[in-house]
């Protein structure tokens, strides 16, 4: 999918639901979010069962990470629902760029959670580093780096930021 299409998917959800809160978006579009104990290293999972859509999130994760996992799973709901009908899409590691569906879900998560104007203000007006932006936006530096890379794909001229794809292992 094109960068423009992935942006459109995230922006449509925000506009439709009037929020960037992934839990409110899930409720508004009919995806039930369940918090699960004893998930081990599994961070989250998206599954369609008899036409009902579910996001399962590890209850032991900190709140900021639960938001990222929920937004990521919303990306799967919007882009890869057909994959989740036969078997669940399980997340052991976010920001895994080796698979196209995972990359696409990450981009939708970044679109949902990180407002372009706010991010660009931190870059241009405040001259914040990626770490400072992540702190100010209450998110992970890798999500910020991914969003900046995505904005570059869309034609912005921003300095890329290194990020680790395995930081959540």
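Laboratory data are not the source of any read-out in this text; all were calculated from the coordinates shown. Computed from a predicted model, the values in this text were never measured in an experiment. For neighbour counting, all protein chains shown are included, and Cβ atoms are generated from backbone atoms with ideal geometry for every residue, glycine included.
Only Cα sites of the stretch 1-87 enter the Debye sum here, all with the same form factor; the resulting log10 I(q)/I(0) across q = 0.14, 0.18, 0.23 1/Å is -0.47, -0.78, -1.18, listed in q order.
Per the helix-only calculation at 222 nm, which mean residue ellipticity applies to the chain, given -39500 (n - 2.57) for every DSSP H run of n ≥ 4 and division by its residues, nearest 500 deg cm²/dmol? Estimated from H runs of four or more residues: -14500 deg cm²/dmol. The modelled label-to-label distance between residue 118 and residue 3, using points 7 Å beyond Cα along the C-beta direction, is 2.2 nm. Beyond 11 Å, the tail of the calculated P(r) for the stretch 5-48 holds 70 percent of the Cα pairs. Comparing 68, 123, 107 in a Gaussian network model of the chain (Cα springs below 10 Å), the most mobile by mean-square fluctuation is 123.
Cα extents for the chain along the principal axes, largest to smallest and rounded to whole angstrom: 48, 31, 29.
Here the stretch 114-162 is treated as a sphere whose radius is the Kirkwood value from Cα pairs; by Stokes-Einstein at 25 °C and 0.890 mPa s it diffuses with a coefficient of 234 µm²/s. Within the listed set 69, 108, 33, the residue fluctuating most in the Gaussian network model of the chain (springs between alpha-carbon atoms under 10 angstrom) is 33.
Please arrange 76, 138, 150 by how many other C-beta atoms lie within 10 Å of their C-beta, fewest to most.
Values: 76 27, 138 10, 150 22.
Ranking 76, 138, 150 by Cβ neighbours within 10 Å, fewest first, gives 138, 150, 76.
Once the Cβ-Cβ distance of residue 41 and residue 138 is raised to the sixth power relative to R0 = 22 Å, the FRET efficiency obtained is 0.40.
For the stretch 1-91, what proportion of DSSP beta bridges, expressed in % and rounded to the nearest 5, is antiparallel?
Numbers: 9 of 15 bridges.
The antiparallel proportion sits near 60 percent.
Please order 124, 103, 46 by the number of other Cβ within 10 Å, starting at the fewest.
In increasing order of surrounding Cβ atoms, one gets 124, 103, 46.
Taking the DSSP bridge list for the chain and keeping only pairs wholly inside it, about 60 percent are antiparallel. Going by neighbour counts of Cβ atoms within 10 Å, the residues 125, 156 line up, fewest first, as 125, 156.
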